[in-house]
Amino acid sequence: MIPLSYRPGGNMNILLISLPEKNKDMKLEATEVLPLALYSLSSVLKCQGYEVSIIDPCEFVYLDEKENAETTCVTLIEECLEEGYDIVGFSVNTFNWGITKTVVNQISWKKNTTVVLGGLHVSVFDEYSLLTTKADIIMRGEGELTWCELVATLKNVAPLDTIKGITYKSGKNIIRNPDRGAMTIEDLEALPLPDYELLPIDNPYVEMPVESSRGCQFSCSFCSIPHRHNWRGLCEIQVIERVKHAKRHMKNIMR
């Protein structure tokens, strides 16, 4: 159940996490591309005045797996939770869903911490994801606007029933609010640049992603992209600014 211990007007401390995938040897797998979603969302929330920390997937990969991957991840996260966080958000895709589910269920969550899952996988399987985990809220679809509204609502101890794009636990019930429409081009262009200052100094990345558009103009039956026939391209100036921003931070990955 969503805790009601937040103080109206108080600050919110948020931890964003993306767990790595497991390879065929059941070990944590490093990727060459950093998780853009974490750093983009961090910027959005910081612009609203919230405190944000990140646990990058590579931080789990570099740990010594003395027992098993899940236990290693749980230990690191629980150590970070000692800092005190109001909201912990996990970025979930189909490839890291299994380990995320296990880790979320093994963590001893404090009752005043709200656990949020977001990403394409849980957007599709929202009710199942809540039924099978200790998570409190599922963030469906594009999350930037929904996250801002959710954090403000929790901060002010207000009802969640007006927030579009979330599914949440309420006692023994699961409530699924209406969908939130896709962000407009104006919304996308108003987003702040990714918060690459939080990127770990020691990381395996060799590529810096740049977002120039969202959605797709087609509607292939095998594709899981939620916003079909809804391609939104940023203007040239915005794309160039994002490329320059990524270039300025290439020194943080090309070591």
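The values are calculated or read from the model by the stated rules, or taken from the named source; none is laboratory data. Not measured: the values here are computed from a predicted model. Positions of Cβ are generated from backbone atoms using ideal geometry, with glycine treated the same way; all protein chains shown enter the neighbour counts. When the accessible area is computed, the model is the full protein with side chains, heavy atoms only, and any ligands, DNA or RNA have been set aside. Shrake-Rupley method; radii C 1.70, N 1.55, O 1.52, S 1.80 Å.
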As an exercise: evaluate Val52 against (1) without any contact (Cβ under 8 Å) to a residue 40 or more places away in the chain; (2) more than 24 Å from Tyr128 (Cβ to Cβ) and give the number of the one condition it does not meet. (1)
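Quickly run through the stretch 201-216 and pick out the residues that are under 27 Å from Cys235 (Cα atoms) and not polar (S, T, N, Q). Let's see the steps before the verdict.
Of all residues in the stretch 201-216, those under 27 Å from Cys235 (Cα atoms) come to 206-216.
Selection gives Val206, Glu207, Met208, Pro209, Val210, Glu211, Arg214, Gly215, Cys216.
Is it the case that Arg248 is among the charged types (D, E, K, R) and open to solvent by less than 60 Å² (accessible area, probe 1.4 Å)? Before you say what the answer is, go through the steps one by one.
Details: among the charged types (D, E, K, R): yes; open to solvent by less than 60 Å² (accessible area, probe 1.4 Å): no.
Answer is no for this residue.
Looking at this structure, is Lys46 touching a residue at least 24 places away in the same chain (Cβ under 8 Å), within 30 Å of Ala152 (Cβ to Cβ), open to solvent by 50 Å² or more (accessible area, probe 1.4 Å) and touching a strand residue (DSSP E or B) at 6+ places or on another chain (Cβ under 9 Å)?
Details: touching a residue at least 24 places away in the same chain (Cβ under 8 Å): yes; within 30 Å of Ala152 (Cβ to Cβ): yes; open to solvent by 50 Å² or more (accessible area, probe 1.4 Å): yes; touching a strand residue (DSSP E or B) at 6+ places or on another chain (Cβ under 9 Å): yes.
Criteria met by Lys46.
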Enumeration of residues in the stretch 208-227 that are out of contact with any Phe, Trp or Tyr (no Cβ under 7 Å at 6 or more places or on another chain) and either over 19 Å from Glu32 (Cα atoms) or among the aromatic types (Phe, Trp, Tyr) (or both): Ser212, Arg214, Phe218, Ser219, Cys220, Ser221, Phe222, Cys223, Ser224, Ile225, Pro226, His227
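Out of the stretch 80-111, which residues are small (Gly, Ala, Ser) and more than 17 Å from the chain's Cα centre (by Cα)? Break it down stepwise before answering.
First pass over the stretch 80-111, keeping only residues small (Gly, Ala, Ser): 84, 89, 91, 98, 108.
Within the stretch 80-111, Gly84, Ser108 meet the criteria.
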Within the stretch 34-44, is there a residue that is in a strand (DSSP E or B), touching a helix residue (DSSP H, G or I) at 6+ places or on another chain (Cβ under 8 Å) and under 18 Å from Asn11 (Cβ atoms)? no
Among the residues of the stretch 180-206, count how many are surrounded by 13 or more Cβ atoms within 10 Å (Cβ to Cβ) and charged (D, E, K, R). 4
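Quick test for you: out of Lys111, Lys134, Lys155, Lys169, pick the one residue that is more than 18 Å from Ile17 (Cβ to Cβ) and open to solvent by 70 Å² or more (accessible area, probe 1.4 Å). Before you say what the answer is, go through the steps one by one.
Numbers: Lys134 fails: more than 18 Å from Ile17 (Cβ to Cβ); Lys155 fails: open to solvent by 70 Å² or more (accessible area, probe 1.4 Å); Lys169 fails: open to solvent by 70 Å² or more (accessible area, probe 1.4 Å).
After applying the criteria, what remains is Lys111.
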Could you please find all residues in the stretch 55-76 being charged (D, E, K, R), open to solvent by 30 Å² or more (accessible area, probe 1.4 Å) and in contact (Cβ under 8 Å) with a residue 40 or more places away in the chain? Glu59
